[in-house]
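Here is the structure we will look at.
Throughout, read-outs are computed from the coordinates displayed, never taken from laboratory work. Everything quoted here is computed from the prediction, not taken from an experiment. Don't worry about glycine lacking a Cβ; one is built from the backbone with ideal geometry, like all the others, and counts go over all protein chains shown.
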Amino acid sequence: MARGHAALGAVVPLLTLAVWQGVTSAGMVPPSMLPPPAEMVRTLAEMAGSGELAQAVGITAWRLAWGFVAGAAAGTALGALCGASALARALLDPTVQALRSVPSLAWVPLFILWLGIFESSKITLIAVGVFFPVYLNLMSGIAQVDRKLLEVGVVHGYSRLRRLIAIQLPAALPAYVVGLRSGLGLGWMFVSAAELLGASNGLGFVLDDGEQTGRPERVLVAILLFGLCGKITDMALAAAGARLVRWQDTAMPVQGQRALHPA
Amino acid sequence: MAHEVHIAGLAKTYGSQRVLGPLDLHLDAGTITVVIGRSGCGKSTLLRCLGGLEQPDAGSIRIGAGQLRREDIGYVFQEPRLMPWLTVSRNVAFGLRGHPARDDRVAEALATVGLHQAASLLPKQLSGGMAQRAALARALAPEPELILLDEPFSALDPFSRESLQQHLLHLHRHYRTTMVLITHDMDEALTLGDRILVMQGPPGKIVADLSRQDTKARLREALEPGGRCPPGPPAGAERPQTPLTVRAL
């Protein structure tokens, strides 16, 4: 059944590819606007042969990794604090929510002014993107833990800190995993924005370069690679997350989670 | 070791509404006291005050010679309330952190409730009856001096309920722990209670003090709104076993 579902997921991409090939072969769209799939494959092979592909994917992944770690760490720390403490939530959450409303691109000039145009500003921008979903999901996950479970801690004499560690944090894990996955998705979005706005390497640069030099195949290859990399990293995180929350009694196990059968 | 429980002037108010008391009670060591009453009469509030989940507005609760301590009390809720991320054995060990004989206590509690073969299962793999057994084992493992049970079997099917009731009686014979059980099931009250306190409210007040030997008809009569059982023997007198023991408070 799972294999059948995986095959089902390939239907839309394959159909898209077939329509794309048909449209370009029939000359319905000029190659300067939409090159045929074969042209993309050739470009991809060229980039792989010259080492450009590995270099572009590598630097983009490196930026994303640092931004993700920094944003997730900050989101985790502040999310746990605001989730556990009503006082911290009242003090900090309105400001965080206001900052969340700021469009991502609005941060770019400020970060460039403060941190320069090199890696620090890009990584900081990615970290900002990752921070908010991680913070929000963990904070609400902790704050909304079932009171009935917390009462079990109370009747066993658990202190507030002990209840946070033993009950609230594990109970918030499913929400936290969702936050990390959303953060990772936004991280990919923000890394492309950061590289589009000022980079001399990376997948975002390939996008920009394709546009500037009138080579749509490079633009499409970069889009395809963003999509592939995003999907692969999300699958890896989903699989890791599913192991952490395999205790959940859900109707449909999340991707990568194996159902346990009642004895 | 079982301890008697003294409750003096216990009262609880939510907002402007008094929901409980003032209540004076003395529970004998090693007995099962059942508190029965209609929904909303304040019986769960009484139990929550005893368990430290609610802060009473007035009054005191004392177990044995000392003041109430959390570790003296085991609590079984209406739902199992197992931590879904912990295995059965780790759930049972929940109240035993840092205990030198933790593993032994867990194994003993699991064996007592007949769940030793389910130790490594997750709560989602348990039936309702098994989950409630695990909750009972969690309450028993620290060997508390007082066990509070808040309608612990009400969500179970009749077969599981009867089986767990017999299990509870067996455990009580084994440990002689003082127990207070909340229920609205008359059969359960008559099956389990050494002493059956009928509560009416709000505010929750004990209107009759019956025993296991009483008939269901007498219990129903006491449960009627505004109803009181005929006076029984004077307070403090030894309760006769037959034919009927009713003490109006």
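Listing for the model above:
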| item | result |
| --- | --- |
| Helix runs (DSSP H) in chain A reaching 27 Å along axis by Cα, Kyte-Doolittle at least -1.0 | A:52-84, A:119-143, A:169-198, A:216-244 |
| Global geometry of chain A, whether rounded, prolate or oblate, following the gyration tensor of its Cα atoms and the 1.5 cut on a/c | oblate |
| Simple label model, 7 Å out from Cα along Cβ direction - A:Val69 to B:Ala29, nm | 6.1 |
| Residues B:Arg220 and B:Ala8, FRET efficiency given R0 of 30 Å [Cβ-Cβ distance, rounded to 0.05] | 0.50 |
| HN-Hα J in Hz across segment B:19-28 - Karplus 6.51, -1.76, 1.60, θ = phi - 60°, x for Gly and Pro | 9, 8, x, x, 10, 10, 9, 10, 10, 5 |
| Gained length - A:Leu15 relative to A:Leu87, 0.36 nm times residue gap less alpha-carbon distance | 20.6 nm |
| Surrounding net charge for A:Thr24, when Lys and Arg each add one and Asp and Glu each subtract one, Cβ distance under 12 Å | -2 |
| Cut-off under 5 Å, modelled amide H: who pairs with B:Gly204 long-range | B:Leu20, B:Gly21 |
| Amide hydrogen neighbours beyond the local backbone of B:Thr13, cut-off 5 Å, H modeled | B:Val19, B:Asp57 |
| Anisotropy class of segment B:35-133 from Cα gyration tensor, a/c 1.5 cut | oblate |
| Built amide H within the under 5 Å cut-off of B:Val35, gap 5+ | B:Leu181, B:Ile182, B:Thr183, B:Leu197 |
| Exposure proxy ranking, count of Cβ atoms within 10 Å, fewest first, for B:Cys41, A:Cys229 | A:Cys229, B:Cys41 |
| Within-11-Å neighbourhood charge of B:Gly30 [Cβ basis; K, R +1; D, E -1] | -2 |
| Diffusion constant of segment A:15-159 at 10 °C, which comes from Stokes-Einstein with the Kirkwood Cα-pair radius and 1.306 mPa s, µm²/s | 81 |
| 3J(HN,Hα) from dihedral phi, segment B:79-92, Karplus parametrisation 6.51/-1.76/1.60, rounded to Hz, x for glycine, proline | 9, x, 6, 7, 6, x, 8, 9, 5, 4, 5, 6, 5, 5 |
| Label-to-label distance, nm, for residues given as A:Ser104 and A:Ser200 (7 Å Cα→Cβ offset) | 2.5 |
| B:Asp187/A:Leu161 FRET efficiency (R0 56 Å; Cβ-Cβ; nearest 0.05) | 0.80 |
| Binned Cα-Cα distances of the protein assembly as shown, short to long, each 20 Å bin given as a whole percent | 18, 37, 24, 15, 5, 0 |
| 28 Å Cα-Cα threshold exceeded, pairs from A:Lys148/B:Lys205; A:Lys122/A:Lys231; B:Lys12/B:Lys124; A:Lys231/B:Lys124 | B:Lys12/B:Lys124; A:Lys231/B:Lys124 |
| Anisotropy class of chain B from Cα gyration tensor, a/c 1.5 cut | prolate |
